Amino acid sequence: MPESIFYQPIKYVKGVGEARAKILSKLGIYNVSDILSWFPRDYEDRSTFRKISEASDGEDILIKASLVSDITESRPRRNLTITKVMVSDGSAFLNLTWFNQKYIANSIKTGSEYYFYGKIKRTGMLLEMHNPVVEKVDSEQKITGRILPVYPLTKGLTQNNLRKITENALNMVRGKFQEILPASLRREYKLSEVNFSYEQIHFPSSFSNLNEARKRLVFEELLLLQLAMIHTKGENTAQKGIKYSPVDMSPLLDKLPFKLTDAQKKVFREIEADMESEKRMNRLIQGDVGSGKTIIAFLALYKAVKNGYQGVFMVPTEILAEQHYKSASKLFDDLGITVRLLTGSMKKREKDEVKKLTKDGKIDIVLGTHAVLEEDAEFYNLGLVITDEQHRFGVRQRAKLSIKGENPDLLVMTATPIPRTLSLVLYGDLDVSVIDALPPDRKPIKTYAVNDAMRERIYNFIRKNVAEGRQAYIVCPLVEESEQIEAESAEELAERIRENELKGLRVGLIHGKLRPSEKEEVMRQFVDGSLDVLVSTTVIEVGVNVPNANIMVIENAERFGLAQLHQLRGRVGRGSHQSYCILFNQSKSEISKQRMEIMVKSNDGFEISEKDLELRGPGDVFGVRQHGLPEFKIANLYRDMEILKEVQSAVRKIIDNNLLNEDCDYRPIKERLIEIYNKRVKE
Ligand code: ADP
Ligand code: MG
């Protein structure tokens, strides 16, 4: 296959050349196959013309009309030429305007009919179109009379460039796509043929053909992904791991100020079974914020240490590392188990000491941030690797940790609520345990979406709760691009409320620009109650646990993803006090209102992420890339849920009947899988 025309470098496609090849490489397009898998994000329906009078404001439409006025040209500024003309199709008049397209004046004239394609602007009775595409009616139709693809672009590349290049590439490979889906499978799931599908996805001759083509390509993409994952998982589970002996857990359990919930017990039993089996554990623990995942990790670590192995617990932030370290020491110190912290901000000397002791086997549990991944962080006999807040790490980091031991067991934990259907796709290579209940004393958090008019009442409400001994968080607006600006706005807010709204209360401030020791100090003060209010950026997003805090105020909540708001909200409601979450919504848009409404109505992370997915699409919600998966070329996990279900049934049949190995109709799929798999392993 690699020899085939599909792998010809893109520069050899007509209309490309060296310079464009360079631009295309920015989109990850290097060869013919890549450009053909660069799928349109949308389509322009220029296939049939409609009456001008029927067009509504904002609609893209093709009309067939002739000029009814002279063409006028004006030059209001240097560098700006405006060409205007009025046209009609008998149903209504339409004013056309072109900017800086001087050639138009010479290419159209009275007495002929033209197709015009563009966006209609309707102001009262006046109809307008800016920069319409023009084609003469009796000429060979190239840019009208058909459905045209709209591609994602990059700088230096126009829609028309990409359309041309794609068309040329299609011409090179016409009829040469190899059909890998067996005819029986295509019949059963009504999947169109592969050559037809690639042709039609780029230049559909009708919308129904387009739908068929798309379905087939989505089906194929999801099918290969699922089969590849089962393949990976098969290898993982077959992999031998450590066979741990049973351990009496009561010394640790007796030290806890609470009893495990049934949900926690169930999940830990699953972990014990994994650890005691010959196979290597490869398990994801999914549990909503506050469901008590940390203690599950500690239990597993205890079991590993009691079996004579070391464990490592990696978390995404220093604040979280410190916090887990404190709770771990409290439990383990008296049990004769040594826990040490390892983070990037520690002094080199300290780090070196921890590394040395770890290597010599004098430390049982290392708890830290990315620092534990460093090459010189070596273990004596690492038996268990745990990552908390898995969504912050990639598959590769997980893998990097696990090679520090000999097939250590793996446990990953996430609070990011992932819809069940999605987790199947995203975590297909892991076994999943779900902590599906919160500890019993929790009261549902009351959430309110408010605007500035409520500000004073909110601050009074904070005062009242602080007077009763509680604490509050105030989270500042998210500034995606700049941690610096984010930090400054947090500083400003803290200063303002110290001087004004919350004068007299002890207000602390924490943000990403503080030194680690400063962060730690502020967190310590908040934990031990010497601060009433903590103004913060999203550095407290994950994992932070101060059960006495019961109010979470989020400024500019509309800027956050719902999954993220849910995470932030999860910082309260961790104790027995009634907790509150106040969302300041500065946006008046309908969609923001809807999103806030979802937060107000639901405390269920799964439900929230499912709704968010509906509103925004999965890429936005999770950043699929973070899961270490290839990004989808065509499938959209929300839109294509129905296709995914069909794929799952097909996969089941293929696996149950061992078709990949036993049915020669499936050999092409198997070969493709091996190709994909080899590529993934190499990357
Ligand atoms: P998360 O799942 O969000 O990581 P944590 O592990 O931080 O949750 O636990 C949240 C809080 O709940 C902590 O204060 C923890 O001590 C407490 N907790 C955990 N398990 C239980 C339980 N079974 N009963 C009561 N409280 C619990
Ligand atoms: Mg946690």
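The values are calculated or read from the model by the stated rules, or taken from the named source; none is laboratory data. All values reported here derive from a predicted model rather than from experimental measurement. Positions of Cβ are backbone-derived with ideal geometry, glycine not excepted, and every protein chain shown enters the neighbour counts. Areas reflect the complete protein model, heavy atoms only, side chains present, ligands, DNA and RNA absent. Shrake-Rupley method; radii C 1.70, N 1.55, O 1.52, S 1.80 Å.
Size of the dipole of the chain about the Cα centre, Lys and Arg at +1 and Asp and Glu at -1 on the beta carbon, nothing else charged, in debye to 20? Walk me through the intermediate numbers first.
Values: 102 positive and 97 negative charges, 173 e Å.
Here the size comes out at about 840 debye.
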(message) I need the phi-derived Karplus couplings for region 4-10: 6.51 cos²θ - 1.76 cosθ + 1.60, θ = phi - 60°, integer Hz, Gly and Pro marked x.
(response) 5, 4, 5, 9, 4, x, 4
(request) May I ask for the angle, rounded to the nearest 10°, between helix 455-467 and the longest principal axis of the chain, with both axes built from Cα atoms and the value confined to 0 to 90°? (result) 10 degrees
(message) Using a 7 Å offset from the Cα along the Cα-to-Cβ direction at both S37 and L373, what is the distance between the two label points in nm, to one decimal?
(response) 2.5 nm
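Give, rounded to the nearest 20 debye, the magnitude of the charge dipole that region 6-107 has about its Cα centre when Lys and Arg contribute +1 at Cβ and Asp and Glu contribute -1 at Cβ.
On the way: 15 positive and 12 negative charges, 126 e Å.
For region 6-107, the charge dipole is close to 600 debye.
Ignoring everything except DSSP H segments at least 4 long, calculate the 222 nm mean residue ellipticity for the chain; use -39,500 (n - 2.57) per segment, divide by total residues, nearest 500.
Working: 24 runs with 270 residues, N = 683.
The per-residue figure over the chain is -12000 deg cm²/dmol.
Quick one: length gained pulling K121 to K51 fully straight, 0.36 nm per residue minus the C-alpha distance?
Numbers: separation 70, 0.36 × 70 = 25.20 nm, distance 1.45 nm.
Additional length available on full extension: 23.7 nm.
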(request) Please find the FRET efficiency linking A273 to K102, where r is the Cβ-Cβ separation and R0 is fixed at 60 Å, and quote it to the nearest 0.05. (result) 0.20
(request) Apply 1/(1 + (r/R0)^6) to the Cβ-Cβ distance of L660 and A437, taking R0 = 35 Å, and write down the FRET efficiency to the nearest 0.05. (result) 0.35
(message) Quick check: the angle from helix 516-527's long axis to the longest principal axis of the chain, C-alpha only, nearest 10 degrees?
(response) 70 degrees
(request) Express in whole angstrom the spacing between the alpha-carbon centres of region 538-617 and region 300-326. (result) 28 Å
(request) Figure the gain on full extension for I591 and R186 (residue separation times 0.36 nm, minus the Cα-Cα span) and round it to one decimal in nm. (result) 141.9 nm
(message) Run the paramagnetic zone check for L256: 7 angstrom along Cα to Cβ, then residues of region 328-346 with backbone nitrogen under 17 Å.
(response) 328-333, 335
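Taking the highest mean first, how do the peptides 66-74, 578-586 order by number of other beta carbon atoms within 10 angstrom per residue? Each step should come with its number before you reach the end.
Details: 66-74: 13.4, 578-586: 21.7.
Top to bottom by mean Cβ count within 10 Å: 578-586, 66-74.
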(message) Loop only by DSSP, 16 or fewer other Cβ within 10 Å of the Cβ. Give me the chymotrypsin sites (Phe, Trp or Tyr not before Pro) in region 250-312 that pass, ordered by residue number.
(response) F258
(message) What distance in nm lies between label points placed 7 Å from Cα along the C-beta direction at K362 and S649?
(response) 6.3 nm
(request) Mind giving me the nanometre distance, one decimal, between the label points for S4 and S91, set 7 Å out from Cα along Cα→Cβ? (result) 4.5 nm
(message) At 1.4 Å probe radius, can you tell me the per residue accessible area of the chain in Å²?
(response) 47 Å²
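Quick check: net charge around R457, other residues with Cβ under 13 Å of its Cβ, Lys/Arg +1 and Asp/Glu -1?
On the way: positive: R455, R463, K464; negative: D452, E456, E501.
Neighbourhood net charge equals 0.
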(message) Net charge within 12 Å of V247 by Cβ-Cβ distance, Lys/Arg positive one each and Asp/Glu negative one each, not counting V247 itself?
(response) -1
(request) Treating the angle as unsigned and between 0 and 90°, give the value, to the nearest 10°, between the Cα long axis of helix 590-601 and the longest Cα principal axis of the chain. (result) 30 degrees
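For the chain, which whole-number percentage of the solvent-accessible area (1.4 Å probe, protein heavy atoms only) is attributable to carbon and sulfur atoms? Can you show the working numbers first?
Values: 15910 of 32220 Å².
Here it works out to 49 percent.
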